[in-house]
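Just below is one structure, and these are the notes that go with it.
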Amino acid sequence: MIPAAFEYEAPATLMEALALLRRHRGAKLLAGGHSLLPMMKLRLAAPERLIDISRIKELAGIRESRGGGTIVIGALTPHGTLESSALLQEKCPLLAEAAAVIGDPQVRNRGTIGGSLAHADPAADLPAALLALDATLTAMGTSGARRQVPARRFFRGLLTTALRPTEVLTEITVPVLKRGTGSAYEKFANKASRFAVVGVAAVVALDRRGRCSQVAIGITGAGPKAVRAVRAEAALLGREPTAANIAAAAARASAAVGDALSDIHASSEFRLHLTEVLTRRALARAAARA
Amino acid sequence: MAAPAVGSRIKRREDPRLITGTGNYVEDVTPAGTLYMALARSPHAHARLRRVNVKDALQHPGVVAALTGPEVRQIVDSVPCVVDFPDLKKPKWPVLAVDRVRYVGEAVAAVVATDRAMAVDAASLVQTDYLPLTAVTDPERALRPRSTRVHAEFKDNQAWYSLTEAGDVDSAFREAHVVVKQRLVNQRLIPLAMETRGVVAQYHAASGLLTVWSTSQNPHQLKSQLAALLGLPENQVRVIAPDVGGGFGSKIDVYCEEILACIFALRLGRPVKWIEERRENFQGTIHGRDQVDYVEVAAQRDGVITGLKVKVIADVGAYWGFFSPAIATSTIGLATGCYAIPNFRGELYEVFTNKTPVDAYRGAGRPEAAYIIERAVDLVALELALDPAEVRRKNFIGGPFPYATAGGMSFDSGNYRAALDKALQSAGYQRRRSEQKRLRQRGRYQGIGLSSYIELCAIGPWEMGAVRVDAAGKVTVLTGTSPHGQGEETTFAQIVADQLQVAVEEVAVQHGDTAVVPAGIGTYGSRTTAVGGSAVLNACLLVKEKAFKIASHLLQVPEDRLTFAQGTFAVKDAPDRAVTLAKVAAQAYTGSVPGAEMGLEASAYFEAPNLVFPFGTHVAVVEVDPETGEVKLVRYVAVDDAGNIINPLTAEGQVHGGIAQGVGQALMEAAVYDESGQLVTGTLMDYAIPAAEDLPLFETAFTVTPTPRNPLGAKGIGEAGTIGATPAVVNAVMDALAPFGIRHIDMPLSPERVWRAIQESAKARPARRRGPSARRRGS
Ligand SMILES: Cc1cc2nc3c(=O)[nH]c(=O)nc-3n(C[C@H](O)[C@H](O)[C@H](O)COP(=O)(O)OP(=O)(O)OC[C@H]3O[C@@H](n4cnc5c(N)ncnc54)[C@H](O)[C@@H]3O)c2cc1C
């Protein structure tokens, strides 16, 4: 499958990339190409120009912030690097766990966290994890000014985010999970694309009495955009994570989804049902790990 | 001499080049000055095509020429279908659509340009004016009296009808203790060869020779067809099928693209190349299966089946492909399976719809039959509360062979019970059944499914093989079969190595080039070894006959005093008087021998006297997650009987791939069309096929019941896995769901379908009782 003709540039620095973005209104950033190129090959997208940011070194890598407490991930970090990062596995395992079930090894070696978030496919895995982690996304505009957007305000709708066309997503900041906090990602994969039909990420912290002192649930795949299941979270907060309490909370998860998607792979009814089942499983596993 | 080559596990000799990326595929063939072809295709399932205008396309940079339907029709009338039956409605399949389009993806115009991207861009500039018409996509609706007609020249969409009857069906049903009925859907599938189709056509005006590289399974047939279509003598057309990356039947057909590439090449005097895009492959290459089947079984209380009625409604799509009309006839022919069912009625309706044409896809009519009868046997077992293995045992054909079936077949040889027993033993069937009970008590739903399938192969009429021993004693084999994954560069070398007493490495096997191999039929229908291998064997016998003559001359003794062993001709009782095959060969090319022509080579044809019928029993073990409907295949045991096995390693490879495809139909695959005739599953993002992570390690074994119908005693193993797997897996899932009172779910058994069935079943209580503390599964 052959895309329509386009111009191509591969800047070496972020500043060059921003300058090119400013100059060419019809341009699109190219990171791992694993969402954009398939769309171009199917001719669902036909950008006049691609600005390939994959060689910009300053956008790659995973590091702990100087004061500790957060981990900063460059937008160009491939899923495979998230998956195998010892730092993430130790301090923010949810992200490594979610990255590990994206597509297949080839996809994980090419696709990037920034590309996945900027593209905002309703079935992408990482948005659920980032929501549950209360991550912060940093974007840079053509003026060079940085802007921080909390994950909760980032996903706006089907394939739409808070990013402006002239902005580059530069990094993602996630918290280091404290002692007594557990997390889990449950994915029900579409067997064709291997994307999530529904994916649920959960973070549960327990206090000394064994009650939930923090509950965060991110849901992807079920609706047009990834969401937090606020009511389900509230239902479990302050309670012990017993099977019954978890089930009662999970029963409220689907309310957050809104208009569930429906397609040949899963009806909206089935998606909402899966949302409940996966929320229950994710909460139980996160609580067991806390 | 080492152990015989036949029967040993030799690694495929073709693999090093294929897995190191040094194979030579059609995509790798680009003669100097090549032009690229691209097609404009119909976005409508059914429409009047009022205008096709290529003016804009021709203006596009790099474009050299373009063709539309009316022009092409002057040159080539239609895409060929070689099957003819009495009363068969046979509409023309125009090379490029004229006046009307009948399925999404039908080609309406072709352009060639100096570069592939330019050709694709230009094709998108072809101007068309369509008047959309109602499409008919459901074969049962298409049979209704007032349905939209796919072909206006016929009074209805019923493309063909046949009735097969044996015994006294009505009495059998009247007298039956139980009658079991079920509607089954053998859903439409996409063949999806890893390599898409492609063609390069090159015409050399001075010599008048047209050379065509094609991803064909049957280059000799393609050569004859192209010659006839283009009005060229056959000896002026050469077809080369280089390395071909899978076909599964979809590369048997002569397609419009091959014809168009040749027309352009002849007209422009430049090579023309077309490589199919994956999306075109989904829409433009033939599809498989697509039947609605109604089955009724009459049985006694003890499980003995006395009668079978099968009604097959086969959706053939919009036109006939190369073999299309014949495909579903095998479903009727094998509907009684490997069971002695004396009373049978099989009705076949082949129906036109506004969908891509259906033709041979791995199994081609036989998987459908196996699915019908193997599901039916399980339903009988369920109805009578008998063990499905027992019901099979009670009904197996016990001989004598040849055995004439109610479906009109003559089974060559079989020992169905032995294969079943071996499979049950390997799977630990009895232990599995008690384990299943224990698990059910813990709220886990495991199912065990059997299928004792029968397969039909070794389609004739003949195949050609030639064997040449050169002056240095090295051997070259030519075969008219055309491998694209079957491995006969290895297996045919094994056959020859034993016959001529040489090492496998000394035998080179050539195929796929009509200028190298004088004649051939091709590779499909699991015919390669049984028919093609037998031809090669016969050629070896002729070569040996001649070698004996030469050896007798060299050793100065009559032939009947010679033995041939360990590569040497020796005089009986005087073993030190001997000559090697190499010496004999050297003599054959230096000095003449009285009574023998120069050279040491022979070619032979093997005419298949009748079909052969492999069989086997597959056992699938699945576990169903009742909360999500997800089916996990946890174990798979296959016992196949393909007669004598030339190379167990490559035979197992065929079984593995076959099972994967059969599992695909059972659990994942479906070509879904919407009401308007759009193919909804038109990319690999929507059409699910199994990947390694979906499959357990397959446990394979063979029983060996040679066929008397060819000198190798070999049957065929290419499609057996696919035929056996689909019903085994579906039966296993239904077995797992039996506690819910679920009797049948149509394929593919996707999580949602399974979940819904559980929801709807009145006996959903076991699931509820498990409560929310349900055991968790990994993500
Ligand atoms: C076969 C296959 C299976 C897949 N399976 C899964 C799956 O299971 N789960 C899943 O979550 N995903 C899956 N994906 C998608 C994959 O994760 C993609 O890599 C990801 O969605 C996009 O990342 P990318 O780096 O490839 O982005 P690209 O395709 O390069 O870009 C995507 C979009 O984001 C924009 N963009 C990229 N980087 C930036 C940036 N830094 N700032 C601003 N805009 C930017 C681009 O302009 C473009 O619009 C799959 C993809 C394929 C091909």
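Give a quick list of trypsin sites (Lys or Arg not before Pro) in region A:5-107 that DSSP marks as loop, anything other than H, G, I, E or B, with at most 15 other Cβ atoms within 10 Å.
Here the sparse-neighbourhood loop sites are A:Arg25, A:Arg43, A:Arg55, A:Arg66.
Would you pull out the residues with amide H under 5 Å of B:Gly245's amide H, same chain only if 5 or more places away, H placed 1.01 Å from N?
Excluding prolines and chain starts, which carry no amide H, the hits are B:Glu195.
Read phi for every residue in region B:496-502 and hand back ³J(HN,Hα) as whole Hz from Karplus 6.51 cos²θ - 1.76 cosθ + 1.60, θ = phi - 60°, with x for Gly and Pro.
Whole-Hz 3J(HN,Hα) from phi for region B:496-502: 5, 4, 5, 5, 9, 6, 10.
Semi-axes of the equivalent ellipsoid of chain A: what are they in whole Å, largest first, if each equals the square root of 5 times a C-alpha gyration tensor eigenvalue?
They are 33, 22, 15 Å, listed largest first.
Non-local amide H neighbours of B:Leu209 (under 5 Å, H modeled in plane, Pro and chain starts lacking H): which ones?
So B:Leu209 has HN proximity to B:His204.
Any chance you could check the Cα centroid distance between region B:74-138 and region A:152-195 for me, in angstrom?
That distance is 45 Å.
Given a Förster radius of 25 Å and the C-beta distance between A:Ser267 and B:Ala692 as r, what FRET efficiency does 1/(1 + (r/R0)^6) yield to the nearest 0.05?
Given R0 = 25 Å and the Cβ-Cβ separation, E is 0.30.
Find the percent of Cα-Cα distances in region B:411-452 that exceed 16 Å, and round it to a whole number.
Counting pairs separated by more than 16 Å, the tail of P(r) holds 48 percent.
Once Lys and Arg get +1 and Asp and Glu get -1 on their Cβ, which of A:Leu30, B:Ala574, B:Gln678 lies farthest toward the positive end of the dipole of the protein assembly as shown?
The residue sitting farthest along the positive end of the dipole is A:Leu30.
Between region A:58-123 and region B:279-308, what is the C-alpha centre distance in whole Å?
When both Cα centres are located, 48 Å separates them.
Please report how far the C-alpha centroid of region B:501-521 lies from that of region A:234-261, rounded to the nearest whole angstrom.
Their Cα centres are 67 Å away from one another.
Given H placed 1.01 Å from N in the peptide plane, which residues other than close sequence neighbours of B:His287 have an amide H under 5 Å from its amide H?
When sequence neighbours closer than 5 places are left aside, the close amide H contacts are B:Val358, B:Asp359.
Which ³J(HN,Hα) values in Hz, rounded to whole numbers, follow from the phi angles of region A:187-192 under the Karplus curve 6.51 cos²θ - 1.76 cosθ + 1.60, where θ = phi - 60° and Gly and Pro get x?
My calculation for region A:187-192 gives 10, 10, 8, 6, 5, 7 Hz in order.
Give me Rg/Rg_expected for region B:73-160, where Rg uses Cα atoms only and Rg_expected = 2.2 N^0.38 Å with N residues.
1.35
May I ask you to derive the relative contact order of region B:459-607, considering only C-alpha pairs under 8 Å and at least 6 residues apart, and to give it as an integer percent?
34
Pop out the ³J(HN,Hα) list for region B:206-215 in order, Karplus 6.51 cos²θ - 1.76 cosθ + 1.60 with θ = phi - 60°, rounded to Hz; leave Gly and Pro as x.
4, 9, x, 9, 9, 10, 10, 8, 9, 7
For region B:459-607, give the magnitude of the charge dipole about the Cα centre (Cβ charges: +1 Lys/Arg, -1 Asp/Glu; no others), in debye to the nearest 20.
280
Per residue, what volume in Å³ does the Cα convex hull of region B:459-607 take up?
104
Which of A:Leu44, A:Ala192, A:Gly74 sits closest to the plus end of the dipole of the protein assembly as shown, meaning its Cα is farthest towards the positive end, when Lys and Arg get +1 and Asp and Glu get -1 on the C-beta?
Most positive-ward Cα: A:Gly74.
Using Cα pairs closer than 8 Å and at least 6 residues apart in sequence, work out the relative contact order for chain B, in percent.
Answer for chain B is 15 percent.
Straight-line reach from A:Lys91: which lysines fall under 23 Å, measuring Cα to Cα and dropping same-chain residues less than 8 apart?
A:Lys178, A:Lys187
Would you compute, from DSSP H runs of 4+ residues alone, the mean residue ellipticity of chain B at 222 nm, taking -39500 (n - 2.57) per run and dividing by the full residue count, rounded to the nearest 500?
Here the helix-only value at 222 nm equals -8500 deg cm²/dmol.
Just the projected area, averaged over all directions, of the convex hull on the alpha carbon atoms of region B:1-76: how many nm²?
12.1
If Lys and Arg each add +1 and Asp and Glu each add -1, what is the summed charge of the other residues whose beta carbon sits under 15 Å from the beta carbon of A:Glu64?
After counting each charged neighbour, the total is +2.
What FRET efficiency do you get for B:Ala385 and B:Ala3 if R0 is 51 Å and r is their Cβ-Cβ distance, rounded to the nearest 0.05?
Working from the Cβ atoms, E equals 0.55.
List the trypsin sites (Lys or Arg not before Pro) within region B:241-332 that fall in a DSSP loop (any state other than H, G, I, E or B) and whose Cβ has at most 14 other Cβ atoms within 10 Å.
B:Arg301
Tell me the relative contact order for chain A as a rounded percent, counting alpha carbon contacts under 8 Å between residues six or more apart.
Taking the mean separation of contacting Cα pairs over the length of chain A, I get 15 percent.
Cα convex hull of the protein assembly as shown: mean projected area in nm², to one decimal?
48.3
May I ask which of B:Lys181/B:Lys422; B:Lys89/B:Lys311; B:Lys309/B:Lys394; B:Lys437/B:Lys632 have a Cα-Cα span longer than 23 Å here?
B:Lys181/B:Lys422
Consider just the alpha-carbon atoms of chain B and return their Rg together with their Dmax, both in angstrom.
27.9, 91
Can you list which of the chymotrypsin sites (Phe, Trp or Tyr not before Pro) found in region B:544-642 are DSSP loop residues with at most 13 other C-beta atoms within 10 Å?
For chymotrypsin sites (Phe, Trp or Tyr not before Pro) across region B:544-642 that sit outside H, G, I, E and B with at most 13 neighbouring Cβ atoms in 10 Å, the list reads B:Tyr589.
Every number in this text was worked out from the coordinates using simple rules, so none of it is lab data. As the structure is a prediction and not an experimental result, all values here were calculated from the model. Backbone-built Cβ (ideal geometry, glycine too); neighbour counts: all protein chains shown.
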